[in-house]
1. At 24 Å minimum axial length over the Cα atoms and a Kyte-Doolittle cut of -1.0, report the qualifying DSSP H helices in chain A, or say none.
2. Within 14 Å, Cβ to Cβ, of residue A:216, how many net charges do the neighbouring residues add up to if Lys/Arg are +1 and Asp/Glu are -1?
3. Provide the net charge surrounding residue C:173, with neighbours chosen by a C-beta distance below 12 Å and charges set as Lys +1, Arg +1, Asp -1, Glu -1.
4. What is the helix-to-structure angle for B:245-258, meaning the angle in degrees between its Cα long axis and the longest Cα principal axis of chain B, kept from 0 to 90 and rounded to the nearest 10?
5. So what's chain A giving for Cα Rg divided by 2.2 N^0.38 Å, two decimals?
6. Take the residue pairs A:267/C:300; C:93/C:157; A:139/A:222; A:120/B:192 and return only those whose Cα atoms are more than 23 Å apart.
7. What percentages make up the Cα-Cα pair-distance distribution of segment A:234-384 when the bins are 10 Å wide from 0?
8. Could you work out the per residue convex hull volume over the alpha carbons of segment C:280-398, in cubic angstrom?
Amino acid sequence: MSVNYFLTEEQQMIVELCRQIAEEKIVPVRAELDRNEEFPWEIMKDLAQADLFGLYIPEEYGGLGGGTFENCLAVEQLAWGCIGVTTTFAASALGGYPILLFGSKEQKERYLPDVAAGKKLVAFGLTEAGAGSDAAAIKTTAVDAGDHWVINGTKQWITNGGEAEIYTIIAMTDKHKGARGASAFILEKGDEGFSFGKKEKKMGLRASSTRELIFNECRIPKDRLLGRRGQGFIVAMRTLDLARPGIGAIGVGLAQAALDESVKYAKERVQFGQPIISFQAIQHMLADMATEIEASRALVYAVARTIDGGVKNFSKLSAMSKLFPTDVAMKVTTDAVQVLGGYGYMQEYPVEKMMRDAKILQIYEGTNQIQKNVIAQALNKEYAAK
Amino acid sequence: MNIIVCIKQVPDAASVKWDREKGTLIRDGVKSVINPFDYNAIEAALQVRDELGGTVTAVTMGPPQAEEAIREAISLGVDQGVVVSDRAFAGADTLATTYTLSKAIEKLGGADLVFCGKQAIDGDTAQVGPGLSVRLGIPCVTCIGDMEVLEGGKGLRVKRMNEFGYDLVEVEFPALFTTIASLNTPRVPSLKGKMRAKKAKIPVWTAEDIGADPDRIGLKGSPTQVASTYIPTFEARKEMLEGSPEEQVEALVERLKGAGIL
Amino acid sequence: MISVDKELCSGCGVCPDVCSYGAISLVGDTAQVDLDKCTLCGTCAENCPADAITIEREETGSAAELDQWRGVWVFAEFRNGEYAPVVFELLGKGRELADALGEELCAVAIGSGSRDQAEVLGNAGADRVLVADSPELEGFSEDVWARILSRLASEQKPEVILAGATSMGRAFLPQVATMLETGLTADCTQLEIRAEDRALLQTRPAFGGNLLATIVCPNHRPQMATVRPNVFRAPSMDFEDSGNSGRQIEIDEIELSPEDLKSGVRVVERKVEDLQGPDLANSQVIVTAGRGIGSEDNLKALEQLANCLEGAVGATRAITDAGWISHHHQIGQTGATVAPKLYLGFGVSGAIQHLVGMQGSEIIVAVNKDPDAPIFDVATYGIVGDVHEILQLLLQRICKGAGQTGG
């Protein structure tokens, strides 16, 4: 018996469709993609064909008009197959949110239909070598040169870098204003002075492409400014707030896959004359895994629905919905390797990759320590107000 | 361009268990799915439509619940579908089936292009496609493993796979082709397609609706009859060869010699 | 239509059990048929101890009309400059059937160059050969072949037409049957004549070989069947002991009009591919690799074994999908159906999708480390053991001079 989350018919369809894609298209190739560090273009085409890139985009721009919850349902199922592939998909939404949230009508009309159709991938560029958790330390600059902007600097570890056609980035326009001196811009692959650095070698998430974005006297037209000048950090924070439940959902999907493998194995594996699932040591591990996964899922769904309900300030909830499920995913995948024992450590079985992949979830889109900061700051404010 | 794809609902081979003692299928939990080769037919039809325009209509003959197969086809991008269903069709062999399908296609206004899966995995006859082409009076090429649209969209150039390799064959429309797995990779459904499939009205046509001659459908229209069925007997089946690996291999070699193979 | 006589039905429960379609259930004490599921196959009626089930079939063909159809025809598939092996197998069987009927056996050859070699058909047992030979019959066109064969059949009225269940036979025989409005049974594995009514009993596997169904075509002629290659034995072609030497055979060349040769199917190129080793359909021995084969080294050892058994290499989908061997070698639901004399499966677990493609094999040998692998349920001989070890031992035992390969 599984928990009834009272999904609508359409939400149920999203779940079924994404599960089908995970089973038929992702699982059969995931080990190979991981081994070869291969960008999953074929699967991106399948996701485009399935209309999934338009999930969160309003119907007027060719999307399906879904919300955070629908997005979470989709990535959870895809992540059940492979989170490297899912991150590639989800990063496109991360890059698209700034346009959706802050773009002018012209910008939306220009970019969103192609994004919704899956014709163009998007990437989001915030992180730099010296600006990780401390986002205000970014060094990339954008200078107003009359009829165009000139951008200089380097973004680091950008998911979909080099593969995406559209980039939303944050650059400093007024250094002296500190956090209020940042602005958001839209860049296109092929813009003059815009190139890509090396592709990173990673512990996990190896199907996704992680690269530097290099801006060397990069000239872009004036109309690429996204939102108002000086609004850059608000754009970044709003985007991340909206995206974090999705990262939690990826954790749920990954953990669920690890549990599924663990239970399947524990039922088949015979030691001391009986399947190892009959041993309490294994049973308790599986019970903890299952319970924590369900709690994660309930949290992600509840937060996503709250956001879709139209609340204004949801930084705390959003941070919680990333923090807990991703910690659970790390723990569950580690335990899955333990349940499978020596086999779990071998690349022949999928849990080894799951454990390697899981680690990134505690790091990217704000480390889990940063999530705790966000939650604690919100608590501080809430209690002061009372 | 009027493109028809003929599909069939079959028991999912993965979920079918067989009771060897009784010689019956264990039907509990057996799902009905679209015949695997038909997915390639659907994909081929969609590809041609996407290139040349037109409408893809899925046609299936079967019990009323075969409408699930049509809905799935619509979720994949097929424009519309129809279930041809009537108790009078029961017992149809391939001759009666091709007649029935041809009457349905006639009611649909004929076809410029028809795709069928090479064969259904429950019947394995591979006869409906070629038979149907005769009913429709159009050429047929079976087992196509590759295809491209001819210059000017007049027809298809296909690889007709055979035991030795393939023949490259050109056929102008109207024509019928039967598809095999290596032809293409069937697409996944789309969300919009799934929503459309959910809402779609799927007409169910009876023998009368398609103007079928009662003498040419179902059991009456079927020259072949099942005289008897029986369970193949495998005498002395399943002998496990025990012992050390050397002994096992020795025992096997002995038995194969005994059977005159070695 | 099917009906159950409520008076006669004892509610014994036999019919729900024998129904392969799950169409019969007991309601109270009487059998009830779900007409949406029933295919009117007749198994229930045949098994009913009380004769309570009847299936009404209307007799349409008149005996006198059917009686005009006489003789057995074998389609002599001519391709790449030679007659297909299955033709001789069919002539061997066709001879038996023709003798049982007391009629002639006629081979029908279509194709460019088929005339020159037509005598061999006589050597294999044909009394008469009909040849349609024209340079224009170089590439195979379904519509032309179907038109010629159906025209000849409607003119000369044979009572039986057999063809190989090859890609060619399966492509155009259904067209011929439809043109003649008669029945065609695909992929037969047994054929015999029922003496009392001269009916051709055509037996074919159903449900992936789990069941054998015997099909008849009582009211229509000709009775047509395609037959799997390698099922029947080809007669000895040795002139000394075949009894066919010096036999007078009649060779009739068919006049072909331009109308006969008109085709909507244009063959622009013919490609004969270099297959890796003997092909599956024509091999008496098939050595098959499954997922449990483990390494490509073991696959090489397996190929070596196939080689010295003069057999073909088969594979499950997992192996072909992994790219270890081409899809030509795939056996199963989405690959080839095979029925060799000997099937050897190494590391094949026996998923139903694979089983449906090989269950017809005469002797099935399974080697797998998992004693519960479903393949053992259909295996004639099973060996639970390490694939690598068993392969190496077999190589040493069977193949002279074969040593340890690849560790």
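What follows draws every value from the coordinates through simple rules; no lab data is involved. No experiment lies behind these values; they were computed from the predicted model shown. Positions of Cβ are generated from backbone atoms using ideal geometry, with glycine treated the same way; all protein chains shown enter the neighbour counts.
1. Once both thresholds are applied, what remains is A:83-102, A:232-268, A:280-308, A:315-345, A:368-385.
2. Spelling it out: positives minus negatives among the neighbours equals -1.
3. Value of the local net charge: -2.
4. Tilt relative to chain B: about 80 degrees.
5. Rounded to two decimals, the normalised Rg is 0.99.
6. Going by Cα-Cα distance, A:267/C:300 fall outside the 23 Å limit.
7. Final binned percentages: 12, 36, 28, 16, 7, 1, 0.
8. Per residue, the Cα convex hull of segment C:280-398 comes to 83 Å³.
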